[in-house]
Each structure stands twice: as C-alpha cells, then as structure tokens.
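These notes concern the structure reproduced below.
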Amino acid sequence: MVNNPANIFQPGNNWWHKALDILLPPRCVLCGLPSGSVGICGPCKLDLPWAGPQCCQCGLPLPAAQDQVCGQCIRNPPPYCRTVSPLQYCFPADQLVRAFKFHRQLAEGRVLSHLLCEYVIIKGFTQPDALIPVPLHYTRMIKRGFNQAFELGSYISRVLGIPQHSAGLRRRRNTKAQSGLSRQQRRSNLRGAFYWRGHQKPGRHVALIDDVMTTGATVSECARVLKKAGAQRVDVWVPTRAVPARLYRS
Ligand SMILES: [Zn+2]
Ligand SMILES: [Zn+2]
C-alpha cells in the first residue's frame, strides 16, 4: 500500500495537536520520558553521536576544524558540493533510522528531520532552491509502503520553507542491495539507475535528501543526473552519515 504523500508528519501547530500534547505529552523516542514537542529529551539529545569536525564535501570526520576538504575529495572530487549530516550513523542514531525506515516509526523520522533542520539553521548553511528526495524504485516503494527520503523531505520542507520536488528524479531499476559491495561494485551497480524526467530543470541549487549516506555512491549517481539535467550545485542533506571504523572518534 503506497502511502498518500500528504504528509504523515504533522508538527503540532493546530489547537487539537496542542490539546493532545497536554493530555498525552510526547515521549522521547529513546528513553520514553516526556520530551516536549520535538520528540527527544535534552539528555538523550546530548548523548547522540554528533558529528565533529568533518570534510565539508563528503561529511567524513577530519581531525581539524570544519570547512576543510579531505584528501580523498581533493584527489577525486565528488559531483556534490557539500554534505550536511549532523549525526554519525551509530548507536543510537542508527536505531532511530532503522525504526523509521523499516518499522515506519514516524516519531523517529520527525526527530531526525528536526535535528537536521536545527543543524542547518545553527550552522548557517546556504539553503537550496529545492529539496529532492532520493527516489525508491516502485517495487520497493510498494513493499515498504513509503519513501523515507520523501517523508524526511516533507518535514524539512515545511520547517525551512524550501519546496520539495519529488517527481523529477526517478529510479529506473531496482538495484541490488548495496551492503557488502565494494566502492567500485556499488558504483557499477548504480550506473544508469536514476534519470531525470521533469519537464523543468531541477533548480539551480538543490539538496538531495536521504536517511543515511554510506559510501556516497547513491547520492553521487543522483548528483550526476541532476547536474546533467541542469542543476549547477547539488548538496546532500542526510540526518546520519556512516563512518568507516578507522575514522570513528571515541
Ligand atoms: Zn530521552
Ligand atoms: Zn571529503
């Protein structure tokens, strides 16, 4: 069953949501204690695996200050300009992503979107003209019932007032699962998997939305397609970034 994209996240702006918040206060998605409208309490939020200094292009950790580019991105620049990812994909942020993606726990999705919006505002990142969710192939969409990237994008769109364009970027074929493949295999697995179908250009500056960035192969392929379709700058906005074990900070 494909979910009606008319937004399953509803921030509590209406009087009945506010009344409901008083009668049934929102609980923290991690500890279950009352949390305020955001869905995560202060101590649990502090304990999240926040990204430290990171490469401004690929989002991987760097030993020094921000706004630097890592050696890998200098040697082999990716087709996207900047990665915005507030959290490392490890406990308990990975649990939030999995609960949202595989068990459709919408409160977790809302928390992830909220943390991303907050991060964009606090860091003062340049905001794009449009948000573009990484598409799912329709067979996976039917199986999962929703596209997690679209749902994250819907919330971010409402909070930051940036339009989301979800119809133009399409997935041509259902690719094999990426996990367990090498970087090169991931890239060839994805080659030709996406295309642009919009009558209009994607926008001058767009941000791709997804739940997690792993090697970056998927967003790189999407960014190539968007640039070919006319985008001049593509950023990647993901609440979580997987970090290879060798780069984990304690
Ligand atoms: Zn908590
Ligand atoms: Zn980098």
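How many percent of DSSP beta bridges within the stretch 103-234 run antiparallel, rounded to 5?
Details: 3 of 10 bridges.
Taking every DSSP beta bridge with both residues in the stretch 103-234, the antiparallel ones total about 30 percent.
Mind grabbing the base-10 log of I(q)/I(0) for the stretch 20-172 at q = 0.12, 0.14 Å⁻¹? Debye formula, identical points on the C-alpha positions, no solvent, two decimal places.
For the stretch 20-172, the Cα-only Debye profile gives -0.60, -0.82.
Can you tell me the FRET efficiency between residue 205 and residue 74 if r is taken as the Cβ-Cβ distance and R0 is 22 Å, rounded to the nearest 0.05? Mind showing how you got there, number by number?
Details: r = 22 Å, r/R0 = 1.01.
Once the sixth-power term is evaluated, E becomes 0.50.
Using Cα positions and a limit of under 19 Å, work out the aspartates and glutamates in reach of residue 228, with same-chain residues fewer than 8 apart set aside.
The reachable aspartates and glutamates, counting only those whose Cα sits under 19 Å from residue 228, are 129.
None of the figures in this text is laboratory data; all of them are computed from the coordinates on show. The shown structure was predicted, so the numbers you read here are calculated from the model rather than taken from an experiment. All Cβ positions, even for glycine, are placed from backbone atoms using ideal geometry, and neighbour counts span all protein chains on display.
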